[in-house]
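Asks: So that we are looking at the same thing, I have put the structure below in structure tokens.
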Amino acid sequence: MIENEKNLVMYFHTTLRNIFVMISLSFGGLSYSRYFREGTENFIYNIGLVIFSIIILFLSLYTTKNIICDINRETKNNDEYKIIFNLKIIPQVIMYIIVTLLGFATYTFIREMRKFNSSNLVSR
């Protein structure tokens, strides 16, 4: 149980910062994987970085779900938390953004796997 609104807002902002750091790491891994997309000799690096990106996005989605549950639990029986009521929408919007990014990362993974499989079939 968080004692006062100031501590709850500090927890909220710290958790949001951590979520955005995870999203940035995911973007970094996905961007860096583009460097390895040419040719089949770098396939492991390419797919590994895409999988890294997907895992980090799942972690950020889990953290976002937890902050939503924590905020709802802390504010359910307490009407004194006026600042946090205005901020409750932010994690919900972030959750939709993360799900969209997960869709793009998953599509990239599937596309790269198909490309690798088709290039292996042609070379045999």
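The values are calculated or read from the model by the stated rules, or taken from the named source; none is laboratory data. Treat the numbers as computed from the prediction; the structure is a model and nothing was measured. Neighbour counts run over all protein chains shown; Cβ positions are idealised from the backbone, glycine included.
Asks: How do the pairs read when you match residues in segment 90-107 that are farther than 10 Å from T64 by Cβ with residues anywhere that are among the small types (G, A, S) and surrounded by 13 or more Cβ atoms within 10 Å (Cβ to Cβ), using Cβ under 6 Å and keeping only pairs 6 or more apart or on different chains?
Replies: Every condition considered, the pairs that remain are A105/S53.
Asks: A further question follows. Tell me, which residue of segment 70-96 that is among the acidic types (D, E) and in a helix (DSSP H, G or I) is nearest to the chain's Cα centre (by Cα)? Talk me through it step by step, then tell me what you get.
Replies: First, pick out the residues of segment 70-96 that are among the acidic types (D, E): 70, 74, 79-80.
Add one more test, that the residue is in a helix (DSSP H, G or I), and what stays is 70, 74.
Numbers: D70: 18, E74: 24 Å.
That would be D70.
Asks: Let me ask something additional. Hey, V21 hits all of (1) in contact (Cβ under 8 Å) with a residue 24 or more places away in the chain; (2) under 17 Å from I97 (Cβ atoms) but one; which does it fall short on?
Replies: With respect to (1) in contact (Cβ under 8 Å) with a residue 24 or more places away in the chain; (2) under 17 Å from I97 (Cβ atoms), V21 is out only on (1).
Asks: Take the residues in segment 2-46 that are crowded, with 16+ Cβ neighbours inside 10 Å and among the polar types (S, T, N, Q), then tell me which one is nearest to I90 (Cα to Cα).
Replies: T15
Asks: Pick out the one residue from F36, F12, F43 that is more than 30 Å from S118 (Cα to Cα) and touching a helix residue (DSSP H, G or I) at 6+ places or on another chain (Cβ under 7 Å).
Replies: On the way: F36 fails: more than 30 Å from S118 (Cα to Cα); F43 fails: more than 30 Å from S118 (Cα to Cα).
Exactly one residue qualifies, and that residue is F12.
Asks: Return the total of residues in segment 65-99 being exposed (fewer than 10 other Cβ atoms within 10 Å of the Cβ) and of a type outside the set (A, V, I, L, M, F, W, C).
Replies: Selection size over segment 65-99: 6.
Asks: Please tell me if L49 is touching a helix residue (DSSP H, G or I) at 6+ places or on another chain (Cβ under 7 Å), modelled with pLDDT under 90 and surrounded by 12 or more Cβ atoms within 10 Å (Cβ to Cβ). Spell out how you get there, then give the answer.
Replies: Numbers: touching a helix residue (DSSP H, G or I) at 6+ places or on another chain (Cβ under 7 Å): yes; modelled with pLDDT under 90: no; surrounded by 12 or more Cβ atoms within 10 Å (Cβ to Cβ): yes.
No; evaluated as a whole, the condition is false for this residue.
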